[in-house]
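The values are calculated or read from the model by the stated rules, or taken from the named source; none is laboratory data. Treat the numbers as computed from the prediction; the structure is a model and nothing was measured. Backbone-built Cβ (ideal geometry, glycine too); neighbour counts: all protein chains shown.
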């Protein structure tokens, strides 16, 4: 009997193809990555380490920073005879880093916001660093990367919210929030603008962007320990002061003047401003690139306070480099972060990639001559608290944001905040 | 595959034919098949050898044993002639076991632990983390310029630190025994030792290959120890906290505070009950499950969430199926012009990246800026009202899903022998009759399992919520459960909301949800048994 | 939205059909129309015309968000709020920006290779298993089928950590199958080869009369001959469908690929595109939209290529023979 056994043939063919293709893909990927800009990251790790004669330094960052960092990191590699790989993780970088660290596949250096420190420390994923000269850095930046009495990151940029306004629509900086709302309303009725203000309140709330207003109205989310660290155990989400503050916010909400709207979200806030639909934008230095691209006349000033209220201080955020405690090349990582990163040249270069204020005082001084916004943002952040880095704080953000969104939508303030406080206490335990 | 069948010849219960015809045994095979089989199994052997080598090199004996057993099993399955199903199942099952079953089982096992952020690793790892994060620079101590050197070969020789004191510019040498002056050293203008007799100074590349040794070297001094910070600087630091085996606790040498190991919590805890943030992973028994049952929010909202979850999944499955089928039927006509173009345009939503389109839809539903309100001239607050938000989520999912059903039912209609339906005649009445009696049942045979799996997928469709409403809108009285929250999105927030990820808790919760879905699926699966035997 | 009826069909018939289209099951009634209308051959409309309307409505619904994306892709300003349904510009700036400033070409090649290989292998593994499940009765068959479904229902975001740890080990042992490689991702995707698609194919295998293979076996055919010579040709349409579905599922996969592929040039389209908009979707929206459109091209091309199999009609002859 003739049986063709096609199956066997096909299966054998597919199996035969397997190693052949794998060879193909290997060469394919190495040739594709072997372009001039990226000769380092192409071949397999063993090959590169052999080629470079030294070790490999792997840096993880988000897409934007990875792109900005790449030329400098590669320069560092060339200078030191090592291979440097800058890799971008697009989503959940911190979670990916912690998981990789647990698995033993951690990069050597990770770049991220300072409020990651708490979680990275509790997972033993980062090591403290010794800054060569603490005084060279912006004190706010050093304070932000200090956690539990130790410095965990080398800061390179400081950022905070401010009020950006379209000077064509609103020539003068508003004296108060009430003043802002008044001008915004006039522009709206005269048809020059469609919204009073672009502040990304969001469908599910945005505590970070609303906090300056809450601060100004006298509210607070949490207490402080005796040594000035945020204390997640003192939940002040529904304290009488905060309730009173949120009542003021409610008056700006959808059932009030309409300055705050849930439909203004992270996706559309900046573009609402740049397209001229709103005269005011509450945002950070990252918005400036877009504002400049839109070719509009603008100015930056402090977020105005409520009349008779406290200053509308924003949270201070810091971007920093961290040394992974389970990295394969810790010495080089420390060398890179504490000695190479902490130079004004690199800070200025990173500033040029994205206009956030350099954390090194010398670098900030260098750029502020050509960029007036730097000082204006700094002034707007005067007196602001660093965004808390303790992991428990995330238990506050979610319920509070939702309560704020509900309040902006017109819900009862006391009821919303009580529910949020209950939720916070439950998850902190 | 030990439970393989004895009815090797198939459904009709035909007696097993003499060996060699139904089987893959070596006897009675054609030369070509024999050759193919030899090549195939040769490949298996080659891959096994290729995979075994690194395992031998790293002395991973358990993995090696597993590998060899698997290879042996494959040989047995393909060399024996009697049991045919395993021959067809083995290739897929190998991957299934490796990359689906094993990760799921492992994850389920974490439901009984406190696995999560702050409790990811072992106790030893926690101790290392606590100790190394407690190293503080000695107050007012010097920062030394550092050169790393070895005695002899750069790759293997004993490491030493060649230091220069910034004030006195004196060259020093430090190793594990202590620090002493270094004779005959060349010091550069920047104050670094550039050469020393009897030592090889490492360049950065060489140093980076000795990274572990450098990190581990601490040079004892009277007040602490000198450690490298990178490869060009060193500082004097003290380890403030250390593990004491005797009391199984962490002691702070500067403040005198102690934290005792608590094996139930997986943390070092002081008298006040405060824990150090670096903990380790321990078994907590059924603790996570009792937490799920004691969750007040869950108790009050579980039924409404479950109801919406069912409604969502059913609405999406049947909505997409009904419409997909209807369109497939409408387009199932030999004389329809432009059929190919229609098909491809209808299927387009499925070709677009789903996450991207969900984000686009979310923007389209925006009350003030969204395309939908702009086109209709309305100012509907889609995501502000729980019912409208539910509708919006279903619409988005429907848009994403109906091309799939269209495609599948189109394929099904093509597979169903057309002459069966065409033979019934040309007049409409009998066409419909033939559709109902022939096409539809066959269609159900083909797609019923699909409907169940589609239900299961949508029941747990995290992305449908995560990329659109994120569970919202949230009523003011309950910021925890939103109008469009599915059980899975609620679980996700609960697990990752407070103080980092709580994988153990999330696994427990998922396991319970999984049981619910599984029971429903099994019950509906039973009903398909009848359909299966339709032929 | 709909561009209306293709021909001036009779008002009465149009209305009747229009109603019938409104609800799914009503559609099934439409073939009755010729009888009621009485025209001997059935008017063109009741035979074919209404089908165009259904098709056009479906096309309109399918396309409307996509047109929005197209409009954004060609809008030089490229922000979300400046985009309207009707394109306001015809600039290719976003496309050139995408090609010049990102590693889009690498992403594209990676995606196509991974999706094509994974899709084909997955289809093949799935067909093998479906054959066993459909044609043989063995102990553990139904539990096995059930198991395939259940294991897929476990939330993937939880298993992620385990998969990551596994691949860390695999990367150490076999770098060519590790992180940032094509084959690593492909074998990982093979874990899902048996699953929904197996169910789907098994369902179709079940519709093929078993007399066919039984008579072939009486004639002395082996099980492999039955599988490749009889079953597979009969189910070509569904093979094509499953192949296409696997391809699409792979090319759009994000969760695993995001942490699996960290090196810039090893990324897939889904990961690369997400990176473009992560955090600041507004200003990159035009580029993102352009990328989304280009991502759909391989899928659409594959669909074109497979159309003739999907449309097949091969079965008619085979059943008789």
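Take residue A:250 and tell me if it is more than 21 Å from the chain's Cα centre (by Cα) and within 12 Å of another protein chain (Cβ to nearest Cβ). Yes; evaluated as a whole, the condition is true for this residue. Residues that are within 14 Å of chain B (Cβ to nearest Cβ) and more than 30 Å from residue B:128 (Cβ to Cβ) within the range A:325-383 comprise just one, A:343. From the list C:228, C:254, C:274, the one residue that fits, being surrounded by 22 or more Cβ atoms within 10 Å (Cβ to Cβ) and assigned by TED's automatic domain parsing to the domain that holds residue C:106, is C:274.
The numbered conditions (1) over 24 Å from residue B:401 (Cα atoms); (2) modelled with pLDDT of 80 or more; (3) over 17 Å from the mean Cα position of the chain (by Cα) are all true for residue B:505 except (3). For the range A:384-429, taking the residues that are within 19 Å of residue B:473 (Cα to Cα) and in a loop (DSSP other than H, G, I, E, B), the one that is nearest to the other protein chains (Cβ to nearest Cβ) is identified as A:411.
Scanning the range A:139-174 for residues that are within 30 Å of residue A:275 (Cα to Cα), more than 17 Å from the chain's Cα centre (by Cα) and assigned to a strand (DSSP E or B) returns A:163, A:164, A:165, A:166. Residue C:203 meets all of the listed conditions (1) under 18 Å from residue C:236 (Cα atoms); (2) assigned to a helix (DSSP H, G or I); (3) touching a residue at least 24 places away in the same chain (Cβ under 8 Å) but one, namely (3).
Among the residues of the range B:196-217, which ones are touching a residue at least 40 places away in the same chain (Cβ under 8 Å), under 20 Å from residue A:58 (Cβ atoms) and surrounded by fewer than 20 Cβ atoms within 10 Å (Cβ to Cβ)?
Taking the range B:196-217 first, the residues touching a residue at least 40 places away in the same chain (Cβ under 8 Å) are B:196, B:198-202, B:206-207, B:209-210, B:213-214, B:217.
Imposing the further condition that a residue be under 20 Å from residue A:58 (Cβ atoms) reduces the set to B:206-207, B:209-210, B:213-214.
Across the range B:196-217, the qualifying residue is only B:213.
Within the range A:396-410, is even one residue in contact with a strand residue (DSSP E or B) (Cβ under 7 Å, 6 or more places away or on another chain) and buried (at least 22 other Cβ atoms within 10 Å of the Cβ)? Yes, there is a match, as at least one residue in the range A:396-410 is in contact with a strand residue (DSSP E or B) (Cβ under 7 Å, 6 or more places away or on another chain) and buried (at least 22 other Cβ atoms within 10 Å of the Cβ).
Of the residues A:219, A:153, A:202, which is within 14 Å of chain B (Cβ to nearest Cβ), under 28 Å from residue B:482 (Cα atoms) and touching a residue at least 12 places away in the same chain (Cβ under 8 Å)?
On the way: A:219 fails: within 14 Å of chain B (Cβ to nearest Cβ); A:153 fails: under 28 Å from residue B:482 (Cα atoms).
None of the others qualify; the one that does is A:202.
Restricted to the range C:132-151, and to residues that are touching a residue at least 40 places away in the same chain (Cβ under 8 Å) and facing chain B (nearest Cβ under 7 Å), which residue is farthest from residue B:84 (Cα to Cα)? Reasoning before the result, please.
If we filter the range C:132-151 for residues that are touching a residue at least 40 places away in the same chain (Cβ under 8 Å), which is where we start, we get C:133-135, C:145, C:148-149, C:151.
This time we only want the ones that are facing chain B (nearest Cβ under 7 Å), so: C:135, C:149, C:151.
Working: C:135: 10, C:149: 23, C:151: 24 Å.
So, considering only residues that are touching a residue at least 40 places away in the same chain (Cβ under 8 Å) and facing chain B (nearest Cβ under 7 Å), the one farthest from residue B:84 (Cα to Cα) is C:151.
Only a single item in (1) touching a strand residue (DSSP E or B) at 6+ places or on another chain (Cβ under 7 Å); (2) closer than 17 Å to residue A:180 by Cα; (3) crowded, with 24+ Cβ neighbours inside 10 Å is not met by residue A:260, and it is number (1).
Any residue that is within 12 Å of another protein chain (Cβ to nearest Cβ) and surrounded by 23 or more Cβ atoms within 10 Å (Cβ to Cβ) - is there at least one of those in the range A:303-314? Talk me through it step by step, then tell me what you get.
Here is the first cut: in the range A:303-314, the residues within 12 Å of another protein chain (Cβ to nearest Cβ) are none.
Checked the range A:303-314: no residue is within 12 Å of another protein chain (Cβ to nearest Cβ) and surrounded by 23 or more Cβ atoms within 10 Å (Cβ to Cβ).
Against the conditions (1) more than 7 Å from every other protein chain (Cβ to nearest Cβ); (2) assigned to a helix (DSSP H, G or I); (3) under 23 Å from residue C:243 (Cβ atoms), residue C:169 satisfies every one except (3).
Count, please, the residues in the range B:483-527 that happen to be in contact (Cβ under 8 Å) with a residue 40 or more places away in the chain and not in a helix (DSSP H, G or I). So the count comes out to 8. Take residue B:254 and tell me if it is modelled with pLDDT under 90, surrounded by fewer than 20 Cβ atoms within 10 Å (Cβ to Cβ), more than 14 Å from chain A (Cβ to nearest Cβ) and within 30 Å of residue A:331 (Cα to Cα). Here the answer is no, as residue B:254 does not meet what is asked. If you go through the range B:77-133 and keep only what is closer than 16 Å to residue B:508 by Cα, out of contact with any strand residue (DSSP E or B) (no Cβ under 8 Å at 6 or more places or on another chain) and part of a helix (DSSP H, G or I), you end up with B:103, B:104, B:105, B:106, B:107, B:108, B:109, B:110, B:111. Considering the conditions (1) in contact with a helix residue (DSSP H, G or I) (Cβ under 7 Å, 6 or more places away or on another chain); (2) within 13 Å of chain A (Cβ to nearest Cβ); (3) crowded, with 19+ Cβ neighbours inside 10 Å, residue B:324 is excluded by exactly one of them, (2). Here is a check on your reading of the model: is residue C:112 assigned to a helix (DSSP H, G or I), surrounded by fewer than 23 Cβ atoms within 10 Å (Cβ to Cβ) and either at the interface with another protein chain (Cβ under 8 Å from one of its Cβ atoms) or on the phi > 0 side of the Ramachandran plot (or both)? No: the conditions fail for residue C:112.
Is the range B:474-481 home to any residue that is within 14 Å of chain A (Cβ to nearest Cβ), in a helix (DSSP H, G or I) and in contact (Cβ under 8 Å) with a residue 12 or more places away in the chain? No, the range B:474-481 contains no residue that is within 14 Å of chain A (Cβ to nearest Cβ), in a helix (DSSP H, G or I) and in contact (Cβ under 8 Å) with a residue 12 or more places away in the chain.
Restricting to the range A:376-417, count the residues that are within 20 Å of the chain's Cα centre (by Cα) and under 26 Å from residue A:173 (Cβ atoms). Quick ask: steps written out before the conclusion?
To start, the set of residues in the range A:376-417 that are within 20 Å of the chain's Cα centre (by Cα) comprises A:376-398, A:400-401.
Still in the list and also under 26 Å from residue A:173 (Cβ atoms): A:376-387.
The number of residues fulfilling the criteria is 12.
For residue A:124, the test of being surrounded by 24 or more Cβ atoms within 10 Å (Cβ to Cβ), within 10 Å of chain B (Cβ to nearest Cβ), touching a residue at least 40 places away in the same chain (Cβ under 8 Å) and assigned to a helix (DSSP H, G or I) is failed. Of all residues in the range A:79-97, which are in contact (Cβ under 8 Å) with a residue 24 or more places away in the chain, more than 7 Å from every other protein chain (Cβ to nearest Cβ) and assigned to a helix (DSSP H, G or I)? A:93, A:94, A:97, listed by residue number. Tell me yes or no: at least one residue of the range B:34-45 is more than 30 Å from residue B:510 (Cα to Cα), at pLDDT 85 or above, more than 7 Å from every other protein chain (Cβ to nearest Cβ) and crowded, with 17+ Cβ neighbours inside 10 Å. Yes: the range B:34-45 contains one or more residues that are more than 30 Å from residue B:510 (Cα to Cα), at pLDDT 85 or above, more than 7 Å from every other protein chain (Cβ to nearest Cβ) and crowded, with 17+ Cβ neighbours inside 10 Å. Condition first: under 17 Å from residue B:179 (Cβ atoms), in contact with a helix residue (DSSP H, G or I) (Cβ under 7 Å, 6 or more places away or on another chain) and in a helix (DSSP H, G or I). Can you find one or more residues in the range B:222-230 that meet it? Looking for residues that are under 17 Å from residue B:179 (Cβ atoms), in contact with a helix residue (DSSP H, G or I) (Cβ under 7 Å, 6 or more places away or on another chain) and in a helix (DSSP H, G or I), one finds none in the range B:222-230, hence no.
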